[in-house]
Amino acid sequence: MKHQATFWKDLKSGHFVSMVKEASQGQTLSNSQQVFNVMKPLFAENDDVEAVYCIFLNAKNRILAIEKMFTGTISASAIYPRELIKRILALKSSAIVLTHNHPSGCLVPSAEDKAITIKVAIA
């Protein structure tokens, strides 16, 4: 049990998150399982609030960067397309994968999730 507590403490530390992000750079993403595998440890640090991460990809779907873009509450997180587009342009990203967690554990996208997805896609 002590090892498990230490593991979760380390997992939630900023140092571990930085290591995960660095290790992921250059990795090619070609399916949702690969996205899940990359993001799972990052979402462990935000198990009590919604957090929105963006995976920035080059033209060959290789990871350029992974950044936490927005943090919200237990049930919602605002997404600002303008801020997202600024980062896309700054990183010269060809594609993105936008991800967020649901601290409640519910895997069904809310109406708000669907609406913001459309809003970001249009932007």
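Each value in this text was obtained by applying a stated rule to the coordinates, not by laboratory testing. The structure presented is a predicted model; accordingly, all values stated were derived computationally and were not measured. Reconstructed Cβ throughout: ideal geometry from the backbone, glycine too, with neighbour counts over all protein chains shown.
Highest first, please rank the peptides 89-96, 104-111 by the mean number of other Cβ atoms sitting within 10 Å of their residues.
Sorting 89-96, 104-111 by mean packing, highest first, produces 89-96, 104-111.
Using alpha carbon coordinates only, what is the Rg to Rh ratio of region 47-94, with Rh defined as the Kirkwood radius?
Using Cα coordinates only, the ratio equals 1.04.
Given C-alpha coordinates of region 20-123, what is the ratio Rg to Rh with the Kirkwood estimate of Rh? Before the final figure, lay out each step's value.
Values: Rg = 13.2 Å, Rh = 14.1 Å.
Radius of gyration relative to Kirkwood radius: 0.94.
Do any of Lys40/Lys86; Lys86/Lys119; Lys68/Lys114; Lys68/Lys92 go past 22 Å between their Cα atoms, and which?
Numbers: Lys40/Lys86 25 Å; Lys86/Lys119 16 Å; Lys68/Lys114 20 Å; Lys68/Lys92 17 Å.
Check vs 22 Å cut-off fails for Lys40/Lys86.
What does the net charge come to around Pro81 if you take all other residues with beta carbon closer than 14 Å to its beta carbon, with K and R at +1 and D and E at -1? Intermediate values should be presented prior to the final figure.
Numbers: positive: Arg82, Lys86, Arg87, Lys119; negative: Glu83.
Charge balance near Pro81 sits at +3.
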